[in-house]
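Visitor: Quick one: this structure, given as structure tokens, is what I'll be asking you about.
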Amino acid sequence: MFSDRINRIQPSLTLQMTSKAGELRSKGFNVINLSVGEPDFDTPENIRNAGINAINSGKTRYTPGAGMPILRQAACEKMERDNSLFFKPEEVIISCGGKHSLYNACQVLFQSGDEVIIFKPYWVSFPDFVSVTGAKPVFVNTNPESQFEPDFEDLINSINPNTKGIIINSPSNPTGGVWSDDAVKQTLEIAKKHNLWVFSDECYEQLTYDVEFKSIATLTNDNEKILTFQSCSKTYAMTGWRIGYTAGNSKVIKAMSKLQGQSTSCPNSIAQMAAVEALTGNQEAIPKMREIFKSRRTLIMERLKSIIGVNCAMPGGAFYVFPDFTHFIGKILDGKTINTATDIAMYLLENKQVVSVPGDGFGSPNNIRFSYAASDQNINDAIDALENVLNKIN
Ligand SMILES: Cc1ncc(COP(=O)(O)O)c(C=O)c1O
């Protein structure tokens, strides 16, 4: 019944876990949800008001397909201010969230016969963005002890004449890893040598806690084949507004606009006006949110470190920890053998109503992703429950 295209992709695991949390809540359970990939803060007031003003002032019609000129300009100003990236509006396209931006870029650059490098553990959607085009995702290992930077030997061995692109995501979902400048530069050199497109998914660019974030395109003079993806979602607590943007080669931007014009027409006009305020208005909310996330990172890491058998490297950014549960694999929980960390995550969900995301969906079956975009109380309660479950394992 369905096309090969739709059969090539999987439903988003993170969205599935979020809907599981909703189901349990509707049955009256007190659910602790550490599966979420979004800030638990409201969109800042100045941005909300810009949305309301957009409605009241009639900014409620179709906009140009690539986004309102004022917003493309705002994205340029933002990237110059925060990232030392210098783009012209025609080198920027606004889409319905960073996810849509990445999807569109894959559609215009990759096709059957191509291979695209994805680092493992990976954000759940990367392999599907690639597979849906007919291209093949090729997974490269990373090192958990050094912020999940690439295993360079594996990277070099994975490249062949069919390799067309490489997707970098630092800070990373699900690991929180933030690559060093050296690791980025080394990756860019390899990409250049093989003439690859480099996608830099920078949706967590404002959420690094130990080192200042540097946009990947600033680490080389040769950035013709680098596409930079940013988003209002995580930075401004605007996940539901659905605004993301891509910056880079104007020919690629034009091709993405063509595709967008024939699919969504344009991003939502009200959200676009709110995004202008987000990108160019008062930025005070960002450091406040960052400080809160940083203190939660300390809390969850201290709690995890005190549990024997759980191995978790300190993530440098985003709002996730990705502990390793290898120590428990093959042992028994309530009479059942633990085959992968998914068994622990599902037990936590069903018996303690703690929602997490099993590492399987990120290509790392011995890990579980916990989001710390949650209150200290919820973090403590969730880790108490995890500790309790792990204590039952023998
Ligand atoms: C790594 C990564 N990239 C992109 C996105 C897309 O975010 P949005 O479409 O809300 O901009 C997400 C969201 O979870 C993400 O984690």
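Quick note: the coordinates plus some simple rules give every number you see, no bench work behind them. What you see is a predicted model, and the numbers here were worked out from it, not measured in a lab. Glycine gets a Cβ as well: all are built from the backbone with ideal geometry, and neighbour counts include every protein chain shown.
Visitor: Lysines near Lys288 by alpha-carbon distance under 29 Å, same-chain residues fewer than 8 away left out - which ones?
Guide: Cα-Cα hits under 29 Å: Lys78, Lys99, Lys214, Lys234, Lys305.
Visitor: Above 32 angstrom, tally the Cα pairs of region 45-280 and express them as a % of all pairs, no decimals.
Guide: Cα-Cα pairs of region 45-280 separated by over 32 Å account for 17 percent.
Visitor: OK, next. Most fluctuating residue of Phe87, Phe29, Phe41 in a GNM of the chain with Cα springs under 10 Å: which is it?
Guide: Phe29
Visitor: Across the chain, what fraction of all alpha-carbon pairs, as a whole percent, falls in each successive 20 Å bin from zero upward?
Guide: 28, 58, 14, 0
Visitor: Each label point is 7 Å from the Cα along the Cα-to-Cβ direction; what then is the distance between the points at Glu38 and Lys185, in nm?
Guide: Rounded to a tenth, the inter-label distance reads 3.9 nm.
Visitor: Hey, another quick one. Counting DSSP beta bridges in region 45-280, what percent are antiparallel, to the nearest 5?
Guide: Taking every DSSP beta bridge within region 45-280, about 35 percent pair in antiparallel fashion.
Visitor: For the chain, take the longest principal axis of its alpha carbons; what is the angle in degrees between that and the long axis of helix 269-280, to the nearest 10 within 0 to 90?
Guide: 80 degrees
Visitor: How far apart, in nanometres, would the label points at Ser250 and Glu350 be if each is projected 7 angstrom from Cα along the Cα-to-Cβ direction?
Guide: Once both label points are built, they end up 5.8 nm from each other.
Visitor: In the neighborhood of Ala74, defined by Cβ-to-Cβ distances under 15 Å, what is the net charge if each Lys or Arg adds +1 and each Asp or Glu adds -1?
Guide: -1
Visitor: Length gain on complete extension for the stretch Arg61 to Asn49, per 0.36 nm per residue less the alpha carbon to alpha carbon distance? Present the calculation step by step, with values, prior to reporting the outcome.
Guide: Numbers: separation 12, 0.36 × 12 = 4.32 nm, distance 1.84 nm.
Extra length from Arg61 to Asn49 when fully extended: 2.5 nm.
Visitor: Okay, next question. Just tell me which lysines come within less than 26 Å, Cα to Cα, of Lys27; anything on the same chain fewer than 8 places away is out.
Guide: Filter leaves Lys352.
Visitor: Need the full-extension length gain, Glu23 to Asn339, defined as separation in residues times 0.36 nm minus the C-alpha distance. One decimal, nm. Spell out each step's value before the answer.
Guide: Values: separation 316, 0.36 × 316 = 113.76 nm, distance 2.59 nm.
Gain in length upon complete extension: 111.2 nm.
Visitor: Could you work out the local net charge near Ser265, counting Lys and Arg as +1, Asp and Glu as -1, over the other residues with Cβ closer than 14 Å to its Cβ?
Guide: So the environment of Ser265 carries a net charge of +3.
Visitor: Using alpha carbons only, how many angstrom separate the centre of region 2-35 from the centre of region 125-202?
Guide: Going from one Cα centre to the other spans 27 Å.
Visitor: By how many degrees, between 0 and 90 and to the nearest 10, does the Cα long axis of helix 341-352 differ from the longest principal axis of the chain?
Guide: 80 degrees
Visitor: Given 20 °C and 1.002 mPa s, compute D for region 252-394 with the Stokes-Einstein relation, Rh being the Kirkwood radius over Cα pairs; round to the nearest whole µm²/s.
Guide: After rounding, the answer is 120 µm²/s.
Visitor: Continuing with this model, one more query. Using label points projected 7 Å from each Cα along Cα→Cβ, tell me how many nm separate Glu153 and Lys192, to one decimal.
Guide: According to this spin-label approximation, the distance is 2.6 nm.
Visitor: Angle, helix 376-391 long axis vs. longest principal axis of the chain, Cα atoms, 0 to 90°, nearest 10?
Guide: Tilt of helix 376-391: around 40 degrees.
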